Amino acid sequence: MSTHQSQVPVHKRPLHVQERPPLVAPGDLQFVLAVSFIVGLHALPASVRPRFLMQLSRMLGVAWYRSSMRDVHRVRHHLQTIFPNRWPNATVEQIIRQQLSLTVWNFMTLNLIPTLSQEQSAHLLPVAGTHHLEEARTQDKAVLLLGAHIGPYAYPIAAVLQSQGYKIHEVGHARPRQGSSWLYRKLYWPRIQKTCQHMKVIDPLKGTQNNLLDVIYNKEVLFLLPDQLFILPPDVTRPPQLVPIDYLGYSVNLETGGLRFCKRLETAVFTALPEFVDGRYHITIEPFSLPTTGLKPEDLATDLQQFMDKVAHIIETQPFLWRDLRRSDLLERLYP
(Lines give C-alpha, C1' and ligand atoms only; values in the text may rest on other atoms or scores of the structure.)
Protein backbone atom coordinates (compact mmCIF):
# COMPACT_ATOMS: atom_id res chain seq x y z
CA MET A 1 0.00 0.00 0.00
CA SER A 2 1.34 3.42 -0.90
CA THR A 3 2.30 6.05 1.68
CA HIS A 4 -0.48 8.33 0.44
CA GLN A 5 -3.01 5.54 0.85
CA SER A 6 -1.89 4.81 4.42
CA GLN A 7 -2.64 8.44 5.37
CA VAL A 8 -6.31 7.95 4.52
CA PRO A 9 -8.50 6.99 7.52
CA VAL A 10 -9.10 3.24 7.52
CA HIS A 11 -12.88 3.55 7.04
CA LYS A 12 -12.34 5.68 3.91
CA ARG A 13 -9.91 3.40 2.13
CA PRO A 14 -11.05 1.35 -0.87
CA LEU A 15 -11.93 -2.26 -0.17
CA HIS A 16 -9.29 -3.38 -2.65
CA VAL A 17 -6.20 -1.51 -3.81
CA GLN A 18 -5.17 -1.90 -7.45
CA GLU A 19 -1.79 -0.45 -8.36
CA ARG A 20 -2.43 -1.20 -12.06
CA PRO A 21 -6.07 -0.74 -13.11
CA PRO A 22 -7.51 -3.06 -15.78
CA LEU A 23 -7.67 -1.75 -19.33
CA VAL A 24 -11.47 -1.90 -19.35
CA ALA A 25 -14.01 -2.88 -16.71
CA PRO A 26 -17.72 -3.80 -16.61
CA GLY A 27 -19.81 -0.65 -16.76
CA ASP A 28 -17.32 1.35 -18.86
CA LEU A 29 -19.76 1.47 -21.77
CA GLN A 30 -22.14 3.71 -19.82
CA PHE A 31 -19.41 6.25 -19.12
CA VAL A 32 -18.22 6.23 -22.73
CA LEU A 33 -21.78 6.78 -23.96
CA ALA A 34 -22.28 9.61 -21.47
CA VAL A 35 -19.20 11.40 -22.79
CA SER A 36 -20.24 10.74 -26.40
CA PHE A 37 -23.70 12.19 -25.95
CA ILE A 38 -22.37 15.22 -24.10
CA VAL A 39 -20.02 15.89 -27.02
CA GLY A 40 -23.04 15.56 -29.31
CA LEU A 41 -25.05 17.98 -27.15
CA HIS A 42 -22.50 20.67 -27.90
CA ALA A 43 -24.09 20.87 -31.34
CA LEU A 44 -27.26 22.20 -29.67
CA PRO A 45 -27.66 25.75 -28.37
CA ALA A 46 -26.54 25.83 -24.72
CA SER A 47 -29.92 27.23 -23.66
CA VAL A 48 -31.78 24.04 -24.65
CA ARG A 49 -29.26 21.47 -23.40
CA PRO A 50 -30.62 21.11 -19.82
CA ARG A 51 -34.20 20.62 -21.07
CA PHE A 52 -33.09 18.06 -23.63
CA LEU A 53 -31.20 16.03 -21.02
CA MET A 54 -34.31 14.71 -19.27
CA GLN A 55 -35.86 13.27 -22.43
CA LEU A 56 -32.54 11.83 -23.56
CA SER A 57 -31.86 10.25 -20.15
CA ARG A 58 -35.22 8.44 -20.28
CA MET A 59 -34.41 6.99 -23.69
CA LEU A 60 -30.91 5.91 -22.68
CA GLY A 61 -32.19 4.49 -19.39
CA VAL A 62 -34.52 2.18 -21.30
CA ALA A 63 -31.69 1.20 -23.67
CA TRP A 64 -29.42 0.50 -20.70
CA TYR A 65 -32.13 -1.63 -19.07
CA ARG A 66 -32.42 -3.75 -22.21
CA SER A 67 -28.69 -4.12 -22.86
CA SER A 68 -26.91 -4.44 -19.50
CA MET A 69 -28.15 -7.46 -17.58
CA ARG A 70 -25.30 -7.08 -15.07
CA ASP A 71 -26.48 -3.66 -13.85
CA VAL A 72 -30.15 -4.59 -14.02
CA HIS A 73 -29.54 -7.75 -12.00
CA ARG A 74 -27.57 -5.83 -9.35
CA VAL A 75 -30.26 -3.18 -8.83
CA ARG A 76 -32.99 -5.84 -8.82
CA HIS A 77 -31.05 -7.93 -6.28
CA HIS A 78 -30.59 -4.93 -3.99
CA LEU A 79 -34.28 -4.00 -4.19
CA GLN A 80 -35.39 -7.55 -3.43
CA THR A 81 -32.88 -7.95 -0.58
CA ILE A 82 -33.41 -4.61 1.17
CA PHE A 83 -37.16 -4.34 0.47
CA PRO A 84 -38.35 -7.97 0.30
CA ASN A 85 -41.85 -8.38 -1.16
CA ARG A 86 -42.42 -4.60 -1.01
CA TRP A 87 -43.50 -4.20 -4.65
CA PRO A 88 -44.85 -6.46 -7.40
CA ASN A 89 -42.38 -7.57 -10.07
CA ALA A 90 -43.67 -5.10 -12.66
CA THR A 91 -43.11 -2.21 -10.25
CA VAL A 92 -39.60 -3.44 -9.44
CA GLU A 93 -38.71 -3.42 -13.15
CA GLN A 94 -40.09 0.10 -13.50
CA ILE A 95 -38.00 1.23 -10.52
CA ILE A 96 -34.90 -0.24 -12.20
CA ARG A 97 -35.57 1.64 -15.45
CA GLN A 98 -36.11 4.90 -13.58
CA GLN A 99 -32.95 4.37 -11.55
CA LEU A 100 -30.85 3.82 -14.68
CA SER A 101 -32.40 6.92 -16.29
CA LEU A 102 -31.42 8.96 -13.24
CA THR A 103 -27.88 7.58 -13.47
CA VAL A 104 -27.65 8.64 -17.11
CA TRP A 105 -29.00 12.10 -16.24
CA ASN A 106 -26.36 12.45 -13.53
CA PHE A 107 -23.54 11.25 -15.82
CA MET A 108 -24.42 13.75 -18.52
CA THR A 109 -25.19 16.67 -16.22
CA LEU A 110 -21.87 16.20 -14.46
CA ASN A 111 -20.15 16.71 -17.83
CA LEU A 112 -22.44 19.51 -18.92
CA ILE A 113 -22.00 21.89 -15.97
CA PRO A 114 -18.62 23.42 -16.98
CA THR A 115 -20.06 24.36 -20.40
CA LEU A 116 -22.98 26.41 -19.04
CA SER A 117 -23.22 30.07 -18.17
CA GLN A 118 -24.72 31.09 -14.82
CA GLU A 119 -28.02 31.88 -16.55
CA GLN A 120 -28.09 28.45 -18.19
CA SER A 121 -27.11 26.70 -14.93
CA ALA A 122 -30.17 28.21 -13.26
CA HIS A 123 -32.38 25.99 -15.44
CA LEU A 124 -30.69 22.65 -14.66
CA LEU A 125 -33.47 21.72 -12.21
CA PRO A 126 -36.04 23.46 -9.98
CA VAL A 127 -34.80 24.35 -6.48
CA ALA A 128 -37.45 25.61 -4.05
CA GLY A 129 -36.94 27.16 -0.63
CA THR A 130 -33.96 29.38 -1.45
CA HIS A 131 -35.59 32.13 0.62
CA HIS A 132 -34.31 30.25 3.68
CA LEU A 133 -30.75 30.74 2.46
CA GLU A 134 -31.52 34.38 1.76
CA GLU A 135 -32.76 34.88 5.32
CA ALA A 136 -29.55 33.35 6.70
CA ARG A 137 -27.50 35.60 4.43
CA THR A 138 -29.48 38.64 5.64
CA GLN A 139 -28.73 37.60 9.23
CA ASP A 140 -25.03 37.22 8.31
CA LYS A 141 -25.01 33.53 9.25
CA ALA A 142 -23.04 30.72 7.73
CA VAL A 143 -25.09 27.77 6.43
CA LEU A 144 -24.72 24.01 6.60
CA LEU A 145 -26.75 22.51 3.77
CA LEU A 146 -27.37 18.76 4.19
CA GLY A 147 -27.90 16.71 1.05
CA ALA A 148 -27.77 12.98 0.35
CA HIS A 149 -26.84 10.43 -2.29
CA ILE A 150 -30.37 10.39 -3.65
CA GLY A 151 -31.66 12.01 -6.81
CA PRO A 152 -29.47 14.50 -8.69
CA TYR A 153 -25.80 14.76 -7.82
CA ALA A 154 -24.83 17.64 -5.53
CA TYR A 155 -23.05 19.38 -8.43
CA PRO A 156 -26.15 20.54 -10.37
CA ILE A 157 -27.81 21.63 -7.11
CA ALA A 158 -24.75 23.69 -6.24
CA ALA A 159 -24.61 25.06 -9.79
CA VAL A 160 -28.22 26.30 -9.53
CA LEU A 161 -27.52 27.98 -6.19
CA GLN A 162 -24.31 29.53 -7.51
CA SER A 163 -26.26 30.99 -10.42
CA GLN A 164 -28.48 32.73 -7.85
CA GLY A 165 -25.54 34.39 -6.17
CA TYR A 166 -24.95 32.01 -3.24
CA LYS A 167 -21.32 31.21 -2.42
CA ILE A 168 -21.61 27.46 -1.97
CA HIS A 169 -18.85 24.93 -1.41
CA GLU A 170 -19.50 21.22 -1.72
CA VAL A 171 -17.53 18.76 0.40
CA GLY A 172 -16.61 15.65 -1.58
CA HIS A 173 -13.95 12.96 -1.83
CA ALA A 174 -12.91 13.23 -5.47
CA ARG A 175 -11.14 10.03 -6.46
CA PRO A 176 -11.74 7.36 -9.11
CA ARG A 177 -14.49 4.88 -8.27
CA GLN A 178 -13.59 1.49 -6.82
CA GLY A 179 -12.42 -0.96 -9.49
CA SER A 180 -12.24 1.71 -12.20
CA SER A 181 -10.36 0.91 -15.38
CA TRP A 182 -7.66 2.66 -17.37
CA LEU A 183 -10.33 3.70 -19.90
CA TYR A 184 -12.47 5.27 -17.16
CA ARG A 185 -9.51 7.13 -15.66
CA LYS A 186 -8.31 8.47 -19.02
CA LEU A 187 -11.65 9.29 -20.65
CA TYR A 188 -14.21 10.02 -17.94
CA TRP A 189 -12.33 10.84 -14.74
CA PRO A 190 -10.63 13.99 -16.14
CA ARG A 191 -14.10 15.37 -16.96
CA ILE A 192 -15.21 14.76 -13.37
CA GLN A 193 -12.11 16.56 -12.13
CA LYS A 194 -12.90 19.48 -14.43
CA THR A 195 -16.38 19.75 -12.90
CA CYS A 196 -14.93 19.52 -9.37
CA GLN A 197 -12.54 22.35 -10.16
CA HIS A 198 -15.32 24.38 -11.78
CA MET A 199 -17.52 23.97 -8.69
CA LYS A 200 -14.59 24.46 -6.24
CA VAL A 201 -15.25 21.16 -4.45
CA ILE A 202 -13.46 20.80 -1.10
CA ASP A 203 -11.79 17.42 -0.53
CA PRO A 204 -10.95 16.97 3.19
CA LEU A 205 -8.68 14.04 2.36
CA LYS A 206 -6.29 16.52 0.72
CA GLY A 207 -5.65 18.49 3.89
CA THR A 208 -8.04 21.35 3.16
CA GLN A 209 -9.63 21.68 6.61
CA ASN A 210 -8.74 25.37 6.62
CA ASN A 211 -10.97 25.79 3.57
CA LEU A 212 -13.90 24.55 5.64
CA LEU A 213 -13.12 27.15 8.28
CA ASP A 214 -12.95 29.87 5.62
CA VAL A 215 -16.41 28.93 4.35
CA ILE A 216 -17.92 29.29 7.83
CA TYR A 217 -16.00 32.43 8.80
CA ASN A 218 -16.96 34.07 5.49
CA LYS A 219 -20.66 33.32 6.19
CA GLU A 220 -21.04 31.16 3.09
CA VAL A 221 -22.76 27.82 2.40
CA LEU A 222 -21.15 24.45 3.14
CA PHE A 223 -22.88 21.65 1.21
CA LEU A 224 -22.38 18.30 2.96
CA LEU A 225 -23.66 14.80 2.13
CA PRO A 226 -23.45 12.94 5.47
CA ASP A 227 -25.16 9.74 4.25
CA GLN A 228 -21.93 8.18 2.97
CA LEU A 229 -21.95 4.59 4.26
CA PHE A 230 -18.58 3.46 5.58
CA ILE A 231 -17.24 -0.06 6.09
CA LEU A 232 -15.45 -0.56 9.40
CA PRO A 233 -13.07 -3.54 9.28
CA PRO A 234 -13.86 -6.04 12.06
CA ASP A 235 -10.37 -5.80 13.57
CA VAL A 236 -10.45 -1.98 13.82
CA THR A 237 -11.73 -0.12 16.88
CA ARG A 238 -14.54 2.27 16.01
CA PRO A 239 -13.05 5.79 15.71
CA PRO A 240 -14.91 8.55 17.60
CA GLN A 241 -15.93 10.27 14.35
CA LEU A 242 -17.84 7.18 13.15
CA VAL A 243 -21.25 6.33 14.64
CA PRO A 244 -23.82 3.58 13.95
CA ILE A 245 -27.22 4.69 12.60
CA ASP A 246 -30.43 2.74 11.92
CA TYR A 247 -31.21 2.99 8.21
CA LEU A 248 -33.82 1.11 6.20
CA GLY A 249 -33.86 -1.70 8.75
CA TYR A 250 -30.07 -2.03 8.88
CA SER A 251 -27.21 -0.51 10.86
CA VAL A 252 -24.80 1.71 8.93
CA ASN A 253 -21.67 3.69 9.82
CA LEU A 254 -21.77 7.45 9.25
CA GLU A 255 -19.08 10.04 9.83
CA THR A 256 -19.81 12.97 12.16
CA GLY A 257 -16.87 15.26 11.35
CA GLY A 258 -18.63 17.75 9.10
CA LEU A 259 -21.66 18.01 11.35
CA ARG A 260 -19.57 18.38 14.50
CA PHE A 261 -17.51 21.11 12.85
CA CYS A 262 -20.54 23.21 11.83
CA LYS A 263 -22.45 22.53 15.04
CA ARG A 264 -19.55 23.83 17.09
CA LEU A 265 -19.53 27.04 15.02
CA GLU A 266 -23.34 27.41 15.26
CA THR A 267 -24.22 27.62 11.58
CA ALA A 268 -27.78 27.66 10.32
CA VAL A 269 -28.79 24.16 9.14
CA PHE A 270 -31.02 23.28 6.18
CA THR A 271 -31.71 20.17 4.13
CA ALA A 272 -31.70 19.98 0.32
CA LEU A 273 -33.51 16.78 -0.63
CA PRO A 274 -35.17 15.63 -3.88
CA GLU A 275 -38.42 14.30 -5.20
CA PHE A 276 -39.56 13.37 -8.71
CA VAL A 277 -42.68 15.29 -9.76
CA ASP A 278 -44.29 15.66 -13.19
CA GLY A 279 -41.33 14.11 -15.00
CA ARG A 280 -38.65 16.29 -13.37
CA TYR A 281 -36.29 16.10 -10.42
CA HIS A 282 -37.08 18.80 -7.85
CA ILE A 283 -35.02 19.95 -4.86
CA THR A 284 -36.57 21.55 -1.78
CA ILE A 285 -34.53 23.44 0.82
CA GLU A 286 -36.04 23.30 4.30
CA PRO A 287 -34.91 24.29 7.83
CA PHE A 288 -33.59 21.40 9.88
CA SER A 289 -33.66 21.56 13.69
CA LEU A 290 -30.97 19.44 15.28
CA PRO A 291 -32.51 17.46 18.18
CA THR A 292 -29.44 17.89 20.41
CA THR A 293 -27.05 20.67 21.35
CA GLY A 294 -24.09 18.50 22.37
CA LEU A 295 -20.97 17.47 20.47
CA LYS A 296 -20.48 13.99 21.93
CA PRO A 297 -20.69 11.04 19.50
CA GLU A 298 -24.05 9.98 20.95
CA ASP A 299 -25.43 13.51 20.41
CA LEU A 300 -24.23 13.62 16.83
CA ALA A 301 -25.61 10.12 16.25
CA THR A 302 -29.03 11.35 17.37
CA ASP A 303 -28.78 14.32 15.00
CA LEU A 304 -27.76 12.12 12.09
CA GLN A 305 -30.48 9.61 12.90
CA GLN A 306 -33.15 12.27 12.46
CA PHE A 307 -31.65 13.35 9.15
CA MET A 308 -31.32 9.78 7.88
CA ASP A 309 -34.94 9.10 8.78
CA LYS A 310 -35.88 11.86 6.31
CA VAL A 311 -33.63 10.31 3.66
CA ALA A 312 -35.06 6.83 4.28
CA HIS A 313 -38.62 8.14 3.88
CA ILE A 314 -37.77 9.53 0.43
CA ILE A 315 -36.14 6.24 -0.61
CA GLU A 316 -39.13 4.20 0.56
CA THR A 317 -41.48 6.54 -1.34
CA GLN A 318 -39.41 6.86 -4.55
CA PRO A 319 -36.73 4.13 -4.36
CA PHE A 320 -35.35 4.83 -7.84
CA LEU A 321 -33.85 8.04 -6.43
CA TRP A 322 -31.38 6.06 -4.29
CA ARG A 323 -28.13 6.25 -6.23
CA ASP A 324 -26.43 3.59 -4.06
CA LEU A 325 -28.67 0.90 -5.58
CA ARG A 326 -26.01 0.50 -8.28
CA ARG A 327 -23.11 0.16 -5.84
CA SER A 328 -21.50 -3.25 -6.13
CA ASP A 329 -20.57 -3.09 -2.43
CA LEU A 330 -23.88 -1.75 -1.11
CA LEU A 331 -24.81 -4.85 0.87
CA GLU A 332 -21.36 -4.89 2.47
CA ARG A 333 -22.13 -1.46 3.92
CA LEU A 334 -25.40 -2.56 5.53
CA TYR A 335 -25.20 -4.49 8.80
CA PRO A 336 -28.06 -6.63 10.25
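The values are calculated or read from the model by the stated rules, or taken from the named source; none is laboratory data. If you're wondering where the values come from, they're calculated on a predicted model, not measured in any experiment. Because the Cβ atoms are built from the backbone with ideal geometry, glycine has one as well, and the counts that use them run over all protein chains shown.
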* Single residue of Thr237, Thr302 found to be polar (S, T, N, Q) and within 26 Å of Asp329 (Cβ to Cβ) -> Thr237
* To do: Please specify each residue of region 269-296 satisfying the condition of being among the small types (Gly, Ala, Ser) and surrounded by fewer than 18 Cβ atoms within 10 Å (Cβ to Cβ).
  => Gly279, Ser289, Gly294
* To do: Looking only at region 302-324, decide whether some residue is touching a Lys or Arg at 6+ places or on another chain (Cβ under 8 Å) and among the aliphatic types (A, V, I, L, M).
  => no
* Asked: Can you spot a residue in region 246-268 that is touching a Leu at 6+ places or on another chain (Cβ under 7 Å), closer than 14 Å to Leu144 by Cβ and exposed (fewer than 14 other Cβ atoms within 10 Å of the Cβ)?
  -> yes
* Kindly list the number of the only condition in (1) touching a Pro at 6+ places or on another chain (Cβ under 7 Å); (2) in a strand (DSSP E or B); (3) not charged (D, E, K, R) that fails for Ile285. => (1)
* Asked: If you take the residues of region 264-289 that are small (Gly, Ala, Ser) and under 30 Å from Arg51 (Cα atoms), which of them is modelled with the lowest pLDDT?
  -> Gly279
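Kindly indicate whether Ser163 is out of contact with any Cys (no Cβ under 7 Å at 6 or more places or on another chain), at pLDDT below 90 and among the small types (Gly, Ala, Ser).
no
Per-residue answers, yes or no, for (1) over 24 Å from Ile314 (Cβ atoms); (2) modelled with pLDDT of 95 or more:
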| residue | (1), (2) |
| --- | --- |
| Ile82 | no, yes |
| Val92 | no, yes |
| Ile96 | no, yes |
| Ile113 | no, no |
| Leu116 | yes, no |
| His131 | no, yes |
| Leu144 | no, yes |
| Tyr153 | no, no |
| Val171 | no, no |
* Asked: Taking Phe261 and the conditions (1) of a type in the set (A, V, I, L, M, F, W, C); (2) modelled with pLDDT under 90; (3) within 17 Å of the chain's Cα centre (by Cα), which numbered condition does it fall short on, given that it satisfies the others?
  -> (3)
* Restrict the check to region 240-262 and report whether at least one residue is in contact with a Lys or Arg (Cβ under 7 Å, 6 or more places away or on another chain) and in contact (Cβ under 8 Å) with a residue 60 or more places away in the chain. => yes
* Determine whether Leu225 is buried (at least 18 other Cβ atoms within 10 Å of the Cβ) and in contact (Cβ under 8 Å) with a residue 60 or more places away in the chain. => yes
* Structure fact -> Residue count, region 269-282, condition closer than 17 Å to Ala142 by Cα, touching a Pro at 6+ places or on another chain (Cβ under 8 Å) and not β-branched (Val, Ile, Thr), comes to 1
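For region 57-166, please list each of the helices (runs of 4 or more DSSP H) lying entirely inside it that holds at least 1 residues being without any contact (Cβ under 8 Å) to a residue 60 or more places away in the chain, more than 25 Å from Glu332 (Cβ to Cβ) and among the hydrophobic types (A, V, I, L, M, F, W, C).
Result: 89-112, 154-163.
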* To do: Restrict the check to region 301-308 and report whether at least one residue is surrounded by 14 or more Cβ atoms within 10 Å (Cβ to Cβ) and at pLDDT below 95.
  => no
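Of these, Pro176, Pro190, which one is surrounded by fewer than 20 Cβ atoms within 10 Å (Cβ to Cβ), assigned to a helix (DSSP H, G or I) and either touching a helix residue (DSSP H, G or I) at 6+ places or on another chain (Cβ under 9 Å) or modelled with pLDDT under 75 (or both)?
Pro190 is the lone residue from the list that is surrounded by fewer than 20 Cβ atoms within 10 Å (Cβ to Cβ), assigned to a helix (DSSP H, G or I) and either touching a helix residue (DSSP H, G or I) at 6+ places or on another chain (Cβ under 9 Å) or modelled with pLDDT under 75 (or both).
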* To do: Name the residue, out of Asp329, Asp324, that is part of a helix (DSSP H, G or I), surrounded by fewer than 20 Cβ atoms within 10 Å (Cβ to Cβ) and under 18 Å from the mean Cα position of the chain (by Cα).
  => Asp324
* Determine, yes or no, whether Pro84 is surrounded by fewer than 19 Cβ atoms within 10 Å (Cβ to Cβ) and under 21 Å from the mean Cα position of the chain (by Cα). => no
